[in-house]
1. Between residues in segment 176-188 that are within 13 Å of the ligand (Cβ to nearest atom) and residues that are of a type in the set (Ser, Thr, Tyr) and assigned to a strand (DSSP E or B), which pairs lie under 9 Å by C-beta distance while being six or more apart or on different chains?
2. Please work out if residue 125 is surrounded by 24 or more Cβ atoms within 10 Å (Cβ to Cβ), hydroxyl-bearing (Ser, Thr, Tyr) and touching a Cys at 6+ places or on another chain (Cβ under 8 Å).
3. Just to be sure, is residue 114 more than 16 Å from the ligand (Cβ to nearest atom), polar (S, T, N, Q) and modelled with pLDDT of 95 or more?
4. Take residue 99 and tell me if it is open to solvent by 10 Å² or more (accessible area, probe 1.4 Å), in a loop (DSSP other than H, G, I, E, B) and within 16 Å of the ligand (Cβ to nearest atom).
5. Scan segment 79-96 for residues that are more than 16 Å from the ligand (Cβ to nearest atom) and hydrophobic (A, V, I, L, M, F, W, C) and jot them down.
6. Inside segment 177-222, can you point out the residues that are out of contact with any Ser or Thr (no Cβ under 7 Å at 6 or more places or on another chain), in a loop (DSSP other than H, G, I, E, B) and more than 19 Å from residue 159 (Cβ to Cβ)?
7. Take the residues of segment 18-44 that are assigned to a loop (DSSP other than H, G, I, E, B) and in contact with a helix residue (DSSP H, G or I) (Cβ under 7 Å, 6 or more places away or on another chain): which is farthest from residue 88 (Cα to Cα)?
8. Restricting attention to strands (runs of 3 or more DSSP E) lying wholly within segment 254-365, give those where 1 or more residues are open to solvent by less than 10 Å² (accessible area, probe 1.4 Å).
Amino acid sequence: MKINKPPMGWNSWNTFAENIDEKLILDSANALIDTGLAAAGYNYVVIDDCWALKERDKNGKLVADPKKFPHGMKALADKIHEKGLKFGMYSCSGRMTCAGYPSSMDREWTDAQTFADWGVDYLKYDYCFKPNTRRGEDLYRAMGLALANCGRDILFSACSWGADKTHEWIRTTGADIWRSTGDIFDNWNSVKSLIEQQFDRLAFGGKGCFNDMDMLITGMRGAGHVGLGGCTDTEYRLHFAAWCMLQSPLMIGCDIRNIDPFTLSLLKNPVLIGIDQDEKCAQTYRIGSETTPILVRALENGDIAIGFFNLSDQSQRGTCMLDELGIGIHSHKTLELTDCWTNEKVYPSNGVIFKNLDAHDCVVYRAKIIEER
Ligand code: GLA
């Protein structure tokens with residue numbers, strides 16, 4: 001499937017893991033609409049692992065667990081489509097899914113057809129229990145081909161966590177997005193480490209196959225399956241801002257039926273969503289120091305997105321010179337920066353942008369190039 005920007009939506013795993021059923025999925029779909037998140041762009045509803053019966057049927061097809069999904073997946077997909085949303089599901093390229101359910105290895109063509117028949121729009125494809133005798137690239141290519149021939153546009157979301165040098169082969173498989181990191185957990189160390197892991201993978205993302213930094217933990221506040229500790233509001237802001245600067249898919253992982261106002265307004269931040277969804281898909285680059293990285297990306301309309309991130313445990317001052325951004329002294333140009341949190345306009349002073357940041361704080365600017373004043 002051809003996508004021009006990273007997908008946005010909600011996925012059941014981070015909070016609910018195996019505790020999923022039809023009611024939860026439909027209530028979450030309704031919540032996406034009622035909260036205005038769908039209107040802000042979050043339009044995929046994705047069921048992760050643990051939806052199937054442990055045995056296939058007599059024709060070798062996957063079967064949705066009738067206790068959890070009494071009306072079956074086709075009926076659920078139809079209801080989600082009626083709401084104007086898209087429907088995602090999950091399978092795995094190895095011998096079993098990570099939670100021990102049937103996977104699609106050597107059944108790719110049957111399963112891709114089943115997903116198409118059910119009306120699936122998005123397939124997350126995991127990497128657990130890969131036999132040593134098989135190569136990841138072969139397993140993902142098999143599903144990529146099966147999806148491309150199933151008669152339905154299905155977004156192919158590869159989830160091999162960056163293992164086995166995924167970045168070297170993932171674009172050969174037809175995947176639309178690829179998990180460029182291990183699993184996320186709802187705490188600061190996980191957020192910080194996933195951001196740092198991205199730095200040498202920036203060249204492998206972008207249009208054609210976006211780097212997927214895993215589902216968002218924003219709003220989990222320590223509750224749910226990966227809710228190991230929780231983050232402060234400042235840390236959730238940095239998490240979301242970094243995912244947007246790095247053009248990751250934005251798949252919400254909290255319980256959106258009970259979302260709090262801070263989380264809702266963060267997830268709807270129009271400046272950050274605009275940067276994440278920018279169709280130029282230029283590569284993000286990093287300047288600044290190890291502890292206070294500055295992430296920069298050229299945008300479709302000629303603006304620049306500039307994010308100052310304090311990953312350290314002390315206050316820091318981030319400093320960025322305009323000529324590091326390609327705005328040389330002879331250009332007679334400067335920037336008008338719009339702060340993504342306050343909408344305030346900020347201007348460089350003597351060709352330099354400074355930002356003082358408390359520990360774990362950040363700011364992203366959308367910067368317009370203007371004549372020097
Ligand atoms: C892996 C994936 C997670 C989730 C679980 C489900 O760990 O990386 O995102 O899908 O499997 O079992």
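The values are calculated or read from the model by the stated rules, or taken from the named source; none is laboratory data. What you see is a predicted model; the values in this text were computed from it and never measured. Because the Cβ atoms are built from the backbone with ideal geometry, glycine has one as well, and the counts that use them run over all protein chains shown. We work out accessible area using only protein heavy atoms, side chains counted, and drop any ligands, DNA or RNA first. Shrake-Rupley method; radii C 1.70, N 1.55, O 1.52, S 1.80 Å.
1. These pairs meet every condition: 177/157; 178/157; 179/157.
2. yes
3. It is true that residue 114 is more than 16 Å from the ligand (Cβ to nearest atom), polar (S, T, N, Q) and modelled with pLDDT of 95 or more.
4. Yes; evaluated as a whole, the condition is true for this residue.
5. 80, 85, 87
6. 187, 207, 221, 222
7. The residue in question is 35.
8. Strands (runs of 3 or more DSSP E) meeting the threshold: 293-298, 304-309, 316-321, 333-339, 352-357.
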